[in-house]
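> Have a look at the structure that comes next, please.
Each value in this text was obtained by applying a stated rule to the coordinates, not by laboratory testing. The model shown is predicted, which means the values in this text are computed figures rather than measured ones. Here the Cβ positions follow ideal geometry from the backbone for every residue, glycine too, while neighbour counts run over all protein chains shown.
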There are 8 protein chains.
Amino acid sequence: MQNSRVLVVVGSKSDHQVISGTIEILKKFKIPHQMEICSAHRNPEKTKALARSAENKGTRVIIAAAGMAAHLPGVIASHTTLPVIGVPLNASSLSGLDSLFSMVQMPSGVPVATMSIGEAGAKNAAILAIQILAISDQKLKKRLKKFKEELGRK
Amino acid sequence: MQNSRVLVVVGSKSDHQVISGTIEILKKFKIPHQMEICSAHRNPEKTKALARSAENKGTRVIIAAAGMAAHLPGVIASHTTLPVIGVPLNASSLSGLDSLFSMVQMPSGVPVATMSIGEAGAKNAAILAIQILAISDQKLKKRLKKFKEELGRK
Amino acid sequence: MQNSRVLVVVGSKSDHQVISGTIEILKKFKIPHQMEICSAHRNPEKTKALARSAENKGTRVIIAAAGMAAHLPGVIASHTTLPVIGVPLNASSLSGLDSLFSMVQMPSGVPVATMSIGEAGAKNAAILAIQILAISDQKLKKRLKKFKEELGRK
Amino acid sequence: MQNSRVLVVVGSKSDHQVISGTIEILKKFKIPHQMEICSAHRNPEKTKALARSAENKGTRVIIAAAGMAAHLPGVIASHTTLPVIGVPLNASSLSGLDSLFSMVQMPSGVPVATMSIGEAGAKNAAILAIQILAISDQKLKKRLKKFKEELGRK
Amino acid sequence: MQNSRVLVVVGSKSDHQVISGTIEILKKFKIPHQMEICSAHRNPEKTKALARSAENKGTRVIIAAAGMAAHLPGVIASHTTLPVIGVPLNASSLSGLDSLFSMVQMPSGVPVATMSIGEAGAKNAAILAIQILAISDQKLKKRLKKFKEELGRK
Amino acid sequence: MQNSRVLVVVGSKSDHQVISGTIEILKKFKIPHQMEICSAHRNPEKTKALARSAENKGTRVIIAAAGMAAHLPGVIASHTTLPVIGVPLNASSLSGLDSLFSMVQMPSGVPVATMSIGEAGAKNAAILAIQILAISDQKLKKRLKKFKEELGRK
Amino acid sequence: MQNSRVLVVVGSKSDHQVISGTIEILKKFKIPHQMEICSAHRNPEKTKALARSAENKGTRVIIAAAGMAAHLPGVIASHTTLPVIGVPLNASSLSGLDSLFSMVQMPSGVPVATMSIGEAGAKNAAILAIQILAISDQKLKKRLKKFKEELGRK
Amino acid sequence: MQNSRVLVVVGSKSDHQVISGTIEILKKFKIPHQMEICSAHRNPEKTKALARSAENKGTRVIIAAAGMAAHLPGVIASHTTLPVIGVPLNASSLSGLDSLFSMVQMPSGVPVATMSIGEAGAKNAAILAIQILAISDQKLKKRLKKFKEELGRK
């Protein structure tokens, strides 16, 4: 997809379903986006290439979802100055706590904006990305405010 | 401070010291910012007023730090469409795990961009805020890239 | 329901089933009560209005049940001096521990009377509410004592 | 103390210091109260006697604080229909999590209104007790509302 | 059952199935035993009576199984000098960790010999009880040694 | 010590201090006992020899204390049919939770009677050992009952 | 199997299925291996014999998988200087955390190379064993590098 | 150091002290080694270069120690087929649990041989590295066996 504003990366094919909420909301808001499957551990070069090339392709925010020792968003964040949003997934017997700790506890210097574990986090990642884009996009801001009002009415 | 770009809110005076890393980095990058002490539970009206008035005052990102059942960033996020960054603090015997869970596990619809617990998170909150502002500020982007290069050399 | 003594609030429709034990016990004891669905994050104004108007409507105790980063009882407690009982729900992969910590670890000044996670907690919330009302209601006290004796015989 | 409205029980002498916040607030509000040191495990008969005799002595709310496998509030609650407030203490290497789980996870039928671990919980126990007493005491209600307003101003 | 050597108490009917491994092993070793269902919280007087009368009825070891805030073995231990074995059950969303902490973290003076959570613990409780009885029963000792050898061969 | 009734084994010299409460209580009750320092991992042969020879030397109960991945009581239990009491120690950053899980979660067939973590557990191990010995020792039983009465008076 | 390079031991028959990923990868790489079922607790002598005889039979790496208080790899490691790889299994209500802590928290002197919990760990144990063997086996090294490249392409 | 057999990498200068036990043991066994300070997040290129060049420089085993969201060993493992040993450090309020989960829970395909948290793990990492090297080095094997015997005598 040309000129995607949001890059969504998931660590493995099996994570695809959980992240569908992210894509749905990005589509609802008509945000150009790109979806990639890439493991930080099995394919570090592709991970790096995705992270390094994103800004020049027009990407403004990166969302990365992964389970277990979920290094994906941290590794991406080490290669870019774009904001990176992490979605921890429940992909082991540890209920996603392993993934949460691997994302949220980033050391000083390289932040990952961590969301809640699983589907709620996947949706919130898209909303946060839109909140970030809306800072410099008044039309998007309006749609976001309308969305927030609708949330309250539901 | 007039026209502050980043609003920093802490839940109590005792959290002031932990958040000093946030302020230091915002100053280093010359980001106009405002600092407030406000408890979501003891002063819900002031919390709401801060959240609701922020955008009109020019604020683009809100950082909120709190300990224990740390509702502050979530309550702020319920009142604004600006991106809200949460810094969980280690302020009880539970090592900040209570605060982490209270921030990161936000339900679908109202994201909080959660950082690591304590001082590392306080610094990363400022960096993430700058990454967000730099999306539409090329000068800031340059300084951010230089900062990242220096990180690597240290 | 007119002149309700107990206000029961749940964070979302999906929590409705878990809280049925609360309603059942309130009905058994013939306590006038009111049930509301209201998210602290998606609808902060309704949450505040419910909390602020409760006392004048005759409410004496508020029960609030929620999952994940369960701010609902804490936010309600920030707006009222009525006793607030919190029921943490198991609504994420973290088994209700996120909800428990978000409720029980309230900072000094704004207590939430926290019950056990899920269905047992939902029933106990009603019993605690009745214990509180029974302090100044001798008839209710008698029924409560009978209920306690029956518990032992079961 | 004659005609005490609130009975405060701690599991051992070493818990005395933590509970001082409870006593301070009860004194501030001029609530007649009684303080006892009694271990549920080492002195089950005294525990039972305290619980059973409380109501006839005029007690309306019981506060119990204990650490480790903290059965004290649960054991008291098994012997009375008065509301029982539990304060989990950090008295082992497990940071009070053992005490929290031993209090909050009460089975259906016998609630314990659990507060946060340690000093914040000790203070909140007194505030909750006063909120409960204030339901049928208009003067106390007024003082409670003033206290809440002052909390917000601090 | 007359002159039972081991008293087995479970906190509720729903725990009956989990404890079947205890009974099976006691039967296999032909240990006279008695089974009771009794909640420490809903029926404190029966709990006390069981604990206090056990020794005079010939009981030498007590096994108590319970879930959630599992006070049963601790409360029994407060009323007897017989060895008390606790079996924590997985009866809430917290995977039996609440029950484990409520049993094992007994304060100084009143021990509970805690087993593993659930079915393995239920079987081990019977084996430990037999190990204790076998100290002064040479025939039982022989059967126990044979049982241990068979374990190894399986 | 000739004909020791209780064998106390600690995993390393550094655990010596924590276990002093065990020795003190055994001395108070005049129970002949033997103290050994032996690591299950660094000295498996000595561990086995201690476990295998204990019964013939007159030992009736074994107490084993260890920290971290605390296999000591489990390894001893694999070599004897005597009751084995485990005391988990807080010897790593994990607050003794590693040691607790390594002891209490023994699989079916080989029980370890697990006490609370650290000093309280060390004392309780001695008391449980005495409770076990007192089953077939009327004089010891009397002293145990007196000890229990004194506990209540303190 | 004659001259096996890798010895795979599982604690019980029920763990057989989880470890199938280990065997599959060893077969894929044509590594001669031996599979044994042996409980450290129920059969300590066989465990010791397996550990002690392994080196002379040509074994270079030992893989041990177990659940609950999973002493198997630690006990094996106490009897050999071969590298021992541990696979914690999710075999209780504690999600494998008990097994993880029992393996990874080995005290100084006797390491266990701990893998992730369950199936991912079972596969990784085989890969690590092959990485170790490949240090002094250039043909194996080549196949390992090819395997790594294929991982990235999948 | 020329032709180093073991590469030791720590994530930051502050981790230097904890890893001193690793260096001490490598020196004691006269293993040529190299020590580097390199953050996976702040300096991903240097991390990659260290991992990719290690084998050609004669390195046979890599040890990596880090705290918080400790990606270092996993990132290194993604770039090499050498065995990678991870030492989780206690560098945040979460007691090293964040670091442990970030290391041990590696997904299928890229193992990290995880040691215990902190100093014990630092020592064990060196011992495991030596066990691995000793597979194809008979002299080292002899010294390792002597070391193990001495461990038992201490």
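> Can you give the angle from 0 to 90° between the axis of helix F:44-54 and the longest principal axis of chain F, with both taken from C-alpha atoms, to the nearest 10?
20
> From other protein chains only, count the Cβ atoms within 10 Å of every residue's Cβ in A:34-41, then give the mean.
4
> Around E:Asn43, with a cut-off of 12 angstrom between Cβ atoms, what is the net charge of the other residues, counting Lys and Arg +1 and Asp and Glu -1?
Around E:Asn43, the charge tally is +2.
> Another question about this same structure. Peptides G:29-42, G:125-138: what's the order by average Cβ count within 10 Å, highest mean first?
Ranking, from highest mean packing down: G:125-138, G:29-42.
> Here's another thing I want to ask about it. In deg cm²/dmol and to the nearest 500, what is the mean residue ellipticity at 222 nm of chain A if only DSSP H runs of at least 4 residues count, each as -39500 (n - 2.57), divided by the residue total?
Taken over chain A, the calculation gives -13000 deg cm²/dmol.
> On to the next question. Sum up the charges of everything whose Cβ sits under 13 Å from the Cβ of D:Gly21, counting Lys and Arg as +1 and Asp and Glu as -1, but leave D:Gly21 out.
With Lys, Arg at +1 and Asp, Glu at -1, the neighbours total 0.
> Quick check: the angle from helix E:119-134's long axis to the longest principal axis of chain E, C-alpha only, nearest 10 degrees?
60
> Once you keep just the Cα pairs under 8 angstrom separated by 6 or more residues, what percentage relative contact order results for the range B:49-108?
The normalised contact order for the range B:49-108 reaches 35 percent.
> Moving on to the next point. Determine the shielding of peptide D:136-149 by partner chains: average, over its residues, the number of Cβ atoms on other chains within 10 angstrom of each Cβ.
Mean shielding by partner chains, rounded to a whole number: 2.
> Among the DSSP beta bridges whose two residues both lie in chain D, what percent are antiparallel, rounded to the nearest 5?
Restricted to chain D, the bridges split so that about 0 percent are antiparallel.
> Between rounded, prolate and oblate, where does the range C:55-146 land on the alpha carbon gyration tensor, with a ≥ b ≥ c its root eigenvalues, rounded for a/c under 1.5, else prolate if a/b exceeds b/c?
It comes out oblate by the Cα gyration axes.
> Here's a follow-up. Need one number: % antiparallel among DSSP beta bridges in the protein assembly as shown, to the nearest 5.
Here the antiparallel bridges make up roughly 5 percent for the protein assembly as shown.
> Take every Cα pair under 8 Å in the range H:1-75 that's 6+ residues apart, average their separations, divide by the length, and report that relative contact order as a whole percent.
So the answer I get is 47 percent.
> Taking each residue of B:58-68 in turn, how many C-beta atoms of other protein chains fall within 10 Å of its C-beta, and what is the average?
2
> Give me the dipole magnitude in Debye, nearest 20, for the protein assembly as shown about the Cα centre, with unit charges on the beta carbon: positive for Lys and Arg, negative for Asp and Glu.
0
> Then there is this: Whole angstrom only: what separates the Cα centroid of the range G:43-58 from the Cα centroid of the range H:84-148?
23
> Under the definition of Cα pairs under 8 Å and six or more residues apart, what whole-number percent is the relative contact order of chain B?
Once normalised by length, the contact order is 23 percent.
> Using the Cβ atoms and a cut-off under 14 Å, what net charge is assigned to the surroundings of H:Ile85, where Lys and Arg are +1 and Asp and Glu are -1?
Once all neighbours under 14 Å are counted, the net charge is +3.
> Set Lys and Arg Cβ to +1 and Asp and Glu Cβ to -1, take the dipole of the range G:45-154 about its Cα centre, and tell me which of G:Val110, G:Ala125, G:Leu50 lies farthest positive.
G:Ala125
> From the cross-link list H:Lys28/H:Lys148; G:Lys141/H:Lys142; D:Lys28/D:Lys145; D:Lys28/D:Lys146; A:Lys13/A:Lys46; G:Lys123/H:Lys30, which pairs have alpha carbons spaced over 22 Å apart?
Listed pairs above 22 Å: G:Lys141/H:Lys142; G:Lys123/H:Lys30.
> Another question about this same structure. I'd like the orientation of helix G:138-153 relative to chain G: the angle between its Cα long axis and the longest Cα principal axis, in ° from 0 to 90, rounded to 10.
The helix G:138-153 is inclined about 90 degrees to chain G.
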